[in-house]
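The values are calculated or read from the model by the stated rules, or taken from the named source; none is laboratory data. As the structure is a prediction and not an experimental result, all values here were calculated from the model. So basically every Cβ, Gly included, is an ideal-geometry build from the backbone, and we count neighbours across all protein chains shown.
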Amino acid sequence: MRIGFDNEKYLKMQSEHIRNRIGKFGNKLYLEFGGKLFDDYHASRVLPGFAPDSKLRLLKELSSQAEIVIVISAKDIEKNKIRGDLGITYDTDVLRLIQTYKDQGLYVGSVTITQFSGQESALLFKNRLEKLHIPALKAPRSFEYAKTVESKEAAK
């Protein structure tokens, strides 16, 4: 079978490009990763040669400069939304991801709960995170990244 994707080349080029962009923006750059950071078997099926853990490996290459912020919707917490592939709720998955990233040597700086409008279950999850010493921030429905997320100081 012919491989259509050079995973090692991808990792090298992406990490170089990201480091260059970090340098252009005062050593701070926000990246949003869509999809799964590891165990991405769908991407590896549709793109022969793409490794299921490519995004995680990319982050590990940048680990000395990276802070991960995990985002979850308060609506998904409220609905007890289940991940179809794992059979666990999204909030349970956040806890799993935090531990997985830490085990890989990555820094998880906080969790942001979006679309927050006072949902009791989201508040309970925020409290649970804080008891685990994980900063948890609330963002209202009209989420504007830099403007409306409460500061870590205000969250206390």
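Computed quantities for the displayed model
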| quantity | calculated |
| --- | --- |
| Check on ASP85, outside any strand (DSSP E or B) and either modelled with pLDDT under 95 or closer than 24 Å to LEU29 by Cα (or both) | yes |
| Residues satisfying the stated conditions in the stretch 66-87, i.e. closer than 30 Å to GLU16 by Cβ and surrounded by 13 or more Cβ atoms within 10 Å (Cβ to Cβ) | ALA66, ILE68, VAL69, ILE70, VAL71 |
| Among (1) of a type in the set (Lys, Arg); (2) over 25 Å from ALA136 (Cβ atoms); (3) at pLDDT 90 or above, the one test that ARG2 misses | (3) |
| Condition met for GLN99 (polar (S, T, N, Q) and touching a residue at least 40 places away in the same chain (Cβ under 8 Å)) | no |
| ALA122 vs. criteria crowded, with 18+ Cβ neighbours inside 10 Å and out of contact with any Leu (no Cβ under 9 Å at 6 or more places or on another chain) | yes |
| Of residues in the stretch 36-65 being touching a helix residue (DSSP H, G or I) at 6+ places or on another chain (Cβ under 7 Å) and among the small types (Gly, Ala, Ser), the one surrounded by the fewest Cβ atoms within 10 Å (Cβ to Cβ) | GLY49 |
| When residues of the stretch 19-44 are limited to those that are assigned to a helix (DSSP H, G or I) and either aliphatic (A, V, I, L, M) or at positive phi (or both), the one modelled with the highest pLDDT | ILE22 |
| Residue in the stretch 54-61 that is over 30 Å from LYS126 (Cβ atoms) and of a type in the set (Gly, Ala, Ser) present | yes |
